[in-house]
Amino acid sequence: MVKFFGTWITMICLLSNAVAVDVIRINQMGYLPQARKIAVFISDRHVALKKFKLIDNLTGKGLFEGVPLPVDGTVWGQKSAYRFDFSSVVQQGGYHLEAADAISPNFSISTEVYKGSADYILTYLRQQRCGFNPSLKDSCHTADGIVVDHPDKSGKWIDVTGGWHDASDYLQYTLTSANAVYQMLFAYRENPSAYRDNFRANGLPGSNGIPDILDEARWGLDWLLKMNPGKGEMYYQIADDRDHRGYRLPTLDTVSYGLGKKFRPVYFATGKPQGSGKHRNRTTGVASVATKFCSSFAMGSEIFDRFDPALAARLRTKASEAWEFANSDPGVCQTACVVSPYFYEEENYTDDMELAAISLSQISHSAEDRNAAAKWGEIEQVTPWMELHRARHYQYYPFVNLGHTFLAQSSDSLTSKKFAGFMKQGLMSLQNFAAGDPFPIGIPFIWCSNNLVVAAATQARLYRKITGDRQFEELEAALTDWLFGCNPWGTSMICGLPLTGDYPVDPHSAITYWMKQPTWGGLVDGPVYKQIFNSLLGITLHRSDSYAAFQGGKAVYHDDNGDYSTNEPTMDGTASLSYLLSSLEASNPENDANIKTIDNQGALVRMNQAEKKIYLIFSAHEFGEGGFAIEKSLKKFGSKGSFFFTGDFYRSRQNSGLISQLLADGHYLGAHSDRHLLYADWNKRDSTLVKRENFEKDLLSNYKEIIGFGIQTGKARFFLPPYEWYNREVVSWAKQLGLTTINFTPNIRTNADYTTPEMPNYRSSEQLMNDLKQFESKDPNGLNGAFILIHLGTAPQRTDKFYLQLDDLQKYLTAKGYQLCSLSDVNP
């Protein structure tokens, strides 16, 4: 996929010397209506800005004009920088910003800008699965593994197949995997409505009655149980840095560890320094790893008690055993290396003790466990990197202390106040550190800086939710926006989010190298300080730097397969997005799975299935001979419909009378494209057949005709694509214009009323009516919330016009108790 800059960034890219002129950085996902909305202007020239404008994409008219706030751009190698605050704009729609010579990318303000994002990142987790890998539809590392460093079992085989590969190598760690499991379970616990069931337990498409986030967490839990086969027997790592032998798919992994063909080492947690080469870790105990087992098992027991009571009971026992083991040997268990000095240098464990104890208390309801959590929590009041503004690689891990979150919600007011205060202290330190920065996120740009961004955004969001204190709202917004493009490089840090934005297309991964595709859903490491980048071994950039003009600041980022320091996706970093994205999605009460049905391309195809409401939708381009018959039938029954016409239909003088009558009757009228273009290949749906600029020009021409009939664009925000055929890219483009793409509810089949007798898929009106009735009788929710499509006209070859059955259809539906509604009554 080629990155699209379009007309919204004024940029001159000279391969050896890129020069940027006046760019506006935004959150490319868009903005929730009530959220803080701040964009950043940067330029390599001195620019004196007096104002900026917010422009409605459909009308081209200015909706808001604001005063820029000047900030110091020199920290990012820029001569000018301003922050544009347009938080007061809450009207949903599609917009862009203009200032000086800069035009921002299109974006939307909507309650649904994050819809589907929490599930989307699971794409990367499924790709990282070890054992059976659903992305490759094959298995890998099925012989894992051979025990090392165990006093009695060294050299013996142990079944530890499963889990996830840690990053773009194939190492597996308990510390990152257990944290990933906990993060996903916590996200589901807090925001269950954000998650759907579109995949089976093995990661292949389907449904198994369990939200996909829990299928993924269960995959990790099953592996953790293998890594902790008995009381006091814990393994913390599979393989080591001998793995780093170049790009290869996991199913073709041939790295030898001297243990026999296909076998990899499985490291036993001794509580002492380990490493079989010249480099050894600085392990001091087992508590940091034992507590991670404990926390994940305890949270897993709480969540899975509903889905799998037997598993929940087993996890309860394992959590208690892990807690006992942790207390027997306090200290940190660091990962092992052999050929290089790089390993996870975790140095703190008291935060792990706190989280384990409070997680145990959720299932034990024990005051002793709660008191232990509070005791351990007071030792490390603030996660050290937040106050020190530095850290070695994974020195303070996990990067966010969720134990504080539980204690800040304690029923004891003194405890809750104290731990909320600790959370506040960390956020205040970041806010003070960020003062004056155009991108005020307060993050030290160490290796895996994006993990810190997610951690801080998570803490800020949880703090605001728990306390109601909004003083860090701008910090929270800046952190979130940074992840989606409001950063010096103007890129999202998550592959594929948003689909039509600028995001990593060349991450450091064998998947990208061999399969020529990004690691969809994966969060990349993120920018690092220049001095760190310049000190790292083995980095070779493979292509010209498209961000060269923005590398003059304190940190650098490269969308390049050769840069493992800034552009490598990580499993635990991606999993840590779960709470943030699910909370952003769940902030819209209509995002409950029962309210609206979104298809796999992102279009709205059904409304609330709990309400006996039906939406009749009608479309027309070249044929419209049934228009007045439909109008009269709807009027006869007092029904309201929703009509979608092309610009050609609106322009035709012979249709003006019908359109005026439909408006007078109070029906919804919207867009169906201007020239009825085919957007996507019929056989390869992800192949888009139109360029973005052509799509936008065509659709805006459609709206010009709509406006000509006196229809306000704000009341015509639903869009039915021509041919009822589209893909995720088209849906995303429409969203950034402020439109909600809709389509007929699948399997009702009235949309086949256009077919003619010579077609193999021809359906008579009688068959169409029977299909609809059969759907109504078999679907558990009948036709509740359904979009029923009828074409306004058909080719002359079809004499059996289904629209002439509209009287009978309405009689049937009203007899069944359905209310026929218009999209005029629905918020896009």
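The values are calculated or read from the model by the stated rules, or taken from the named source; none is laboratory data. The shown structure was predicted, so the numbers you read here are calculated from the model rather than taken from an experiment. Note that we place each Cβ from the backbone using ideal geometry, even for glycine, and neighbour counts take in every protein chain shown. Each accessible area value is taken on the protein alone, full model and side chains, heavy atoms only, with ligands, DNA and RNA left out. Shrake-Rupley method; radii C 1.70, N 1.55, O 1.52, S 1.80 Å.
When segment 20-43 is limited to residues that are at pLDDT 95 or above and among the charged types (D, E, K, R), the one that is surrounded by the fewest Cβ atoms within 10 Å (Cβ to Cβ) turns out to be Arg36. Any residue at all in segment 352-369 that's surrounded by fewer than 17 Cβ atoms within 10 Å (Cβ to Cβ) and on the phi > 0 side of the Ramachandran plot? Checked against the condition, which is being surrounded by fewer than 17 Cβ atoms within 10 Å (Cβ to Cβ) and on the phi > 0 side of the Ramachandran plot, segment 352-369 yields at least one hit. Against the test of being open to solvent by less than 30 Å² (accessible area, probe 1.4 Å) and at pLDDT 95 or above, the options Leu658, Leu689, Leu678, Leu663 yield a single qualifying residue, Leu658.
Is there a residue in segment 780-801 that is in a helix (DSSP H, G or I) and either surrounded by 22 or more Cβ atoms within 10 Å (Cβ to Cβ) or touching a residue at least 40 places away in the same chain (Cβ under 8 Å) (or both)? Checking segment 780-801: not a single residue is in a helix (DSSP H, G or I) and either surrounded by 22 or more Cβ atoms within 10 Å (Cβ to Cβ) or touching a residue at least 40 places away in the same chain (Cβ under 8 Å) (or both). Applying the criterion of being hydrophobic (A, V, I, L, M, F, W, C) and surrounded by fewer than 20 Cβ atoms within 10 Å (Cβ to Cβ) to the residues of segment 692-728, the residue that is nearest to the chain's Cα centre (by Cα) is Trp725. Looking across segment 381-399, the residues that are open to solvent by less than 20 Å² (accessible area, probe 1.4 Å) and in contact with an Asp or Glu (Cβ under 9 Å, 6 or more places away or on another chain) come down to Thr383, Tyr394, Gln395, Tyr397, Pro398.
Any residue at all in segment 320-336 that is more than 35 Å from the chain's Cα centre (by Cα) and polar (S, T, N, Q)? Yes - at least one qualifying residue is present in segment 320-336. Restricting the first member to segment 195-210 and to residues that are more than 20 Å from Cys130 (Cβ to Cβ), and the second to residues that are part of a loop (DSSP other than H, G, I, E, B) and among the charged types (D, E, K, R), the beta-carbon pairs closer than 6 Å and six or more apart or on different chains are Gly206/Arg200; Ser207/Asp197; Asn208/Arg200. Of note, Asn600 satisfies the criterion of being open to solvent by 40 Å² or more (accessible area, probe 1.4 Å) and part of a loop (DSSP other than H, G, I, E, B).
The rows are residues; the columns are (1) under 28 Å from the mean Cα position of the chain (by Cα); (2) among the β-branched types (Val, Ile, Thr); (3) part of a loop (DSSP other than H, G, I, E, B).
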| position | (1), (2), (3) |
| --- | --- |
| His46 | no, no, yes |
| Leu49 | no, no, yes |
| Leu54 | yes, no, no |
| Leu58 | yes, no, yes |
| Asp72 | no, no, yes |
| Phe84 | yes, no, no |
| Val89 | yes, yes, yes |
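Among the residues making up segment 508-540, a single one is open to solvent by 70 Å² or more (accessible area, probe 1.4 Å), farther than 17 Å from Gln127 by Cα and among the aliphatic types (A, V, I, L, M): Leu537.
Among the residues making up segment 56-111, those that are in contact with a strand residue (DSSP E or B) (Cβ under 6 Å, 6 or more places away or on another chain), within 14 Å of Ile38 (Cα to Cα) and open to solvent by 30 Å² or more (accessible area, probe 1.4 Å) are Phe64, Glu65, Leu69, Pro70, Val71, Asp85, Glu98. Within segment 729-743, residues that are buried (at least 24 other Cβ atoms within 10 Å of the Cβ) and at pLDDT 95 or above have Cβ atoms under 6 Å from residues that are aromatic (Phe, Trp, Tyr) and in a loop (DSSP other than H, G, I, E, B) in these pairs: Val730/Tyr679, counting only partners at least 6 apart in sequence or on another chain.
Rundown of residues vs (1) among the hydroxyl-bearing types (Ser, Thr, Tyr); (2) part of a loop (DSSP other than H, G, I, E, B); (3) within 24 Å of Leu577 (Cβ to Cβ); (4) open to solvent by 10 Å² or more (accessible area, probe 1.4 Å), yes/no style:
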site	(1), (2), (3), (4)
Glu378	no, no, no, yes
Gly426	no, no, yes, no
Ile446	no, yes, yes, yes
Leu462	no, no, yes, no
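Within segment 548-558, one or more residues are out of contact with any helix residue (DSSP H, G or I) (no Cβ under 8 Å at 6 or more places or on another chain), free of Cβ contacts under 8 Å to residues at least 60 places away in the same chain and buried (at least 22 other Cβ atoms within 10 Å of the Cβ). Residues that are small (Gly, Ala, Ser), open to solvent by less than 10 Å² (accessible area, probe 1.4 Å) and either assigned to a loop (DSSP other than H, G, I, E, B) or at pLDDT below 95 (or both) within segment 276-297 comprise just one, Gly285. Asp563 falls short of the stated requirement of being part of a helix (DSSP H, G or I), acidic (Asp, Glu) and buried (at least 24 other Cβ atoms within 10 Å of the Cβ).
If you check Glu345, Glu321 for being open to solvent by 10 Å² or more (accessible area, probe 1.4 Å), in contact with a His (Cβ under 7 Å, 6 or more places away or on another chain) and of a type in the set (Asp, Glu), only one passes: Glu345.
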